[in-house]
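Input: a single structure, listed below in structure tokens.
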Amino acid sequence: MRWTLIGTFALLAAACSSSGDGDSSSSGSGSGAGSGDGGSGGGGSGGGVPGEAHFIGRFDTSDPAGPRFSWSGSAIYARFSGTGLKARLGDSGDNFLAVVIDDGPPTALRLMGPDSTYTLAEGLPAGEHTVLIEKRTEAALGVVQLLDLAPTEGQILASPAPHARGIEFVGDSITCGYGNEGAEATCPFSSETENEYMAYGAIAARALDAAHTSIAWSGIGAYRDYGGSTEDQMPVRFTRTLGDDPTSTWDFSWTPEVVVVNLGTNDFAQGDPGQPFADAYTGFVEDLRGHYPDAFILCALGPMLSDSFPAGEMRLTRAREYIQGAIDARQQAGDTRIGLVELDEQDPADGLGCDYHPSITTHEKMAEKVVAAIQDVVGW
């Protein structure tokens with residue numbers, strides 16, 4: 001099995017003016033990934049955003065100033081001519097993007113306010129180039145808006161979609177890449193250390209040459225969240241174009257060939273959630289089948305649940321029973337395109353990210369399991 005695994009990102013954060021006159025440099029590159037073109041009501045663009053660009057994931061195109069996106073892994077891909085590239089972007093929170101030029105190593109770009117201009121590349125040889133702009137941070141950290149994408153001494157060129165097949169990953173902080181760039185297990189959450197581009201879903205998608213979406217929110221569950229609340233859990237947020245906007249209804253215009261669901265870790269944070277979790281998980285899988293009649297659904301388990309901690313609670317075993325029960329129910333109803341992929345418990349020897357989340361090494365190992373499972377069930 002061949003892998004293209006990207007190492008650490010360079011962090012860039014230069015001051016930018018809120019008027020858009022400021023300029024923050026980010027010349028970088030890497031192995032690209034994404035998911036199907038589309039936005040709220042389909043693909044499209046506004047303002048100075050060229051129609052030749054591909055919008056990968058869930059985009060809200062209702063604002064004529066430019067498309068907005070919030071889910072981690074949302075991406076813009078374009079081919080362009082010229083010697084450089086600038087992007088004008090708005091940010092409602094504290095977000096980072098991964099910038100990939102000509103399939104080189106990725107560079108992390110920290111966004112600075114509601115309207116700033118950033119140099120994504122400069123000093124390139126004259127000719128044709130590619131760019132991938134992908135959201136590293138999760139939807140809970142705010143909405144990003146693309147206001148303009150402008151090559152230096154060139155233009156955006158028409159190009160085919162970067163991938164012919166796609167995977168949708170649905171999950172919690174693990175899928176977000178929470179803390180995977182953290183130095184140690186006890187560091188707190190920060191946007192700097194969250195990197196979905198190096199989370200298992202994005203790594204697996206690149207290995208399979210597939211587009212991907214990442215519908216993930218830290219702390220979320222199928223039934224209840226890390227703190228025990230049952231409000232706005234994944235079955236509710238999953239229907240949104242923008243993760244924290246209940247009015248932005250996604251139209252499911254893009255259909256993945258595979259859906260990977262990794263939920264349940266937070267449902268067990270307060271102890272065994274019991275039958276309400278089983279019912280919520282089963283119901284969510286039924287919802288997924290309604291949205292994606294032909295997709296293969298892989299229900300993932302791990303890597304943070306364990307039978308050894310807390311002692312005596314057997315959380316991993318109980319979660320496996322509930323999730324396998326949901327799979328069995330679907331199969332008994334005649335659904336043959338659903339199965340389980342179990343991810344190994346994380347090993348502290350591989351390092352731990354912030355708040356004891358998986359490290360990049362663990363994410364790479366998770367991706368290997370996911371890739372093997374997808375190859376097995378769909379033959380890629």
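For the reader, a short list of remarks on this structure follows.
- Antiparallel bridges, percent of DSSP beta bridges restricted to the chain (to nearest 5): 60 percent
- Cross-link reach is defined here as a Cα-Cα straight distance under 23 Å, omitting same-chain residues fewer than 8 places apart; for K86 the lysines meeting it are K135.
- Using distinct alpha-carbon pairs, which all enter the 1/r mean, Kirkwood radius of region 127-177 in Å: 14.6 Å
- Kirkwood-based shape ratio for region 77-236, expressed as Rg/Rh from alpha carbons: 1.00
- Note: relative contact order over the chain, using C-alpha pairs below 8 Å and six or more positions apart, is 18 percent.
- Cα centroid separation, region 73-148 to region 310-380: 32 Å.
- Database remark: amide H of S214 closer than 5 angstrom to the amide H of S74, F169 (H placed geometrically; neighbours at sequence offset of 5 or more, or on other chains; Pro and chain starts carry no H).
- Cα-based convex hull, the chain, per residue volume (Å³, whole number): 126 Å³
- Couplings 3J(HN,Hα) of region 186-197, computed from phi: 8, 6, x, 5, 8, 5, 4, 9, 9, 9, 5, 4 Hz, in residue order, whole Hz [Karplus 6.51 cos²θ - 1.76 cosθ + 1.60, θ = phi - 60°; x for Gly and Pro].
- Label zone (H291, point 7 Å along Cα-to-C-beta; backbone nitrogen cut-off 12 Å) within region 188-214: 213-214.
- Helix axis angle, 315-332 relative to the chain longest principal axis, alpha carbon, degrees: 90 degrees
- Note on the chain: GNM, Cα springs under 10 Å; of A205, A185, A126, the largest mean-square fluctuation is that of A126.
- Pairwise FRET efficiency - A372 versus E52, Cβ, R0 = 30 Å, nearest 0.05: 0.25
- Spacing of the two label points (7 Å from each Cα toward its C-beta) at D279 and T317, in nm: 2.6 nm
- Convex hull volume of region 165-378 per residue (C-alpha atoms, cubic angstrom): 115 Å³
- Evaluated with a Cβ-only charge set (Lys, Arg +1; Asp, Glu -1), region 53-157 carries a dipole of roughly 140 debye about its Cα centre, given to the nearest 20.
- Charged side chains reduced to their Cβ positions (Lys and Arg at +1, Asp and Glu at -1) give the chain a dipole of some 500 debye around its Cα centre.
- Taking only alpha carbon atoms, region 53-157 gives an Rg to Rh ratio of 0.95, where Rh is the Kirkwood radius.
- Listed peptides 227-239, 113-125 appear in the order 113-125, 227-239 once ranked by packing, highest mean of other Cβ atoms within 10 Å at the front.
- Note on region 73-115: Cα-only Rg and Dmax are 11.5, 32 Å.
- Placing a label point 7 Å from the Cα of D355 along the Cα-to-Cβ direction, the residues of region 295-334 whose backbone N falls under 16 Å of that point are 303-305.
- Multiplying the residue separation of Q270 and A161 by 0.36 nm and subtracting their alpha-carbon distance yields 34.9 nm.
- Local net charge near G142, Cβ-Cβ under 12 Å (Lys/Arg +1, Asp/Glu -1): -3
Throughout, read-outs are computed from the coordinates displayed, never taken from laboratory work. Just so we're clear, the structure is a prediction, and the values are computed from it rather than from any experiment. When we count neighbours, we look across all protein chains shown, and the Cβ atoms used for this are built from the backbone with ideal geometry, even at glycine.
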